[in-house]
């Protein structure tokens, strides 16, 4: 294994020792350009919203769509009012169920088209 760059702290040295049993090259990338590393440390919902927004499936209006969506309106309104709803929570004003982002019904077809035809 070949390390390019500097080992910056004790954690790096421990990791280096553990990884010596494998054969690969590790190259340092600046945090701003290392999108894979950013995805590993940010919450999944934050990454997903960034990806969706960059692909033209903006999540900015979803809060209004939750209010009118028959599947989510009750849970969303209760969470916004500060009540607890089992298995649901808000993250960055977006509705999540068991840690998964809830997609408003109006957005389903847009996302399916994006996934299958992009």
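Yes or no, residue by residue, for (1) at pLDDT 90 or above; (2) exposed (fewer than 11 other Cβ atoms within 10 Å of the Cβ); (3) under 18 Å from residue 48 (Cβ atoms):
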site	(1), (2), (3)
80	yes, no, no
84	yes, yes, no
88	yes, no, yes
91	no, no, yes
95	yes, no, yes
98	no, yes, yes
110	no, no, yes
114	no, no, yes
118	no, yes, yes
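Select from segment 88-102 the residues that are free of Cβ contacts under 8 Å to residues at least 24 places away in the same chain and either in contact with a helix residue (DSSP H, G or I) (Cβ under 9 Å, 6 or more places away or on another chain) or assigned to a helix (DSSP H, G or I) (or both) and list them in ascending order. Step through it out loud before you land on a result.
If we filter segment 88-102 for residues that are free of Cβ contacts under 8 Å to residues at least 24 places away in the same chain, which is where we start, we get 88-90, 97-98, 100.
Selection gives 88, 89, 90, 97, 100.
Filter segment 42-75 down to the residues that are over 22 Å from residue 112 (Cβ atoms), in a helix (DSSP H, G or I) and under 21 Å from the mean Cα position of the chain (by Cα) and list them by number.
Across segment 42-75, the qualifying residue is only 46.
So which residues in segment 103-118 are in contact (Cβ under 8 Å) with a residue 24 or more places away in the chain, closer than 17 Å to residue 60 by Cα and part of a helix (DSSP H, G or I)?
Within segment 103-118, 105, 106, 107, 110, 111 meet the criteria.
Name the residues in segment 13-47 that are touching a strand residue (DSSP E or B) at 6+ places or on another chain (Cβ under 9 Å) and modelled with pLDDT of 70 or more, would you? Steps first, answer last, please.
In the first step, residues of segment 13-47 are kept if they are touching a strand residue (DSSP E or B) at 6+ places or on another chain (Cβ under 9 Å); the result is 16, 19, 24-28, 43-46.
Of everything in segment 13-47, those that are touching a strand residue (DSSP E or B) at 6+ places or on another chain (Cβ under 9 Å) and modelled with pLDDT of 70 or more turn out to be 16, 19, 24, 25, 27, 28, 43, 44, 45, 46.
The values are calculated or read from the model by the stated rules, or taken from the named source; none is laboratory data. Since we're looking at a predicted model, the values are computed, not measured. Backbone-built Cβ (ideal geometry, glycine too); neighbour counts: all protein chains shown.
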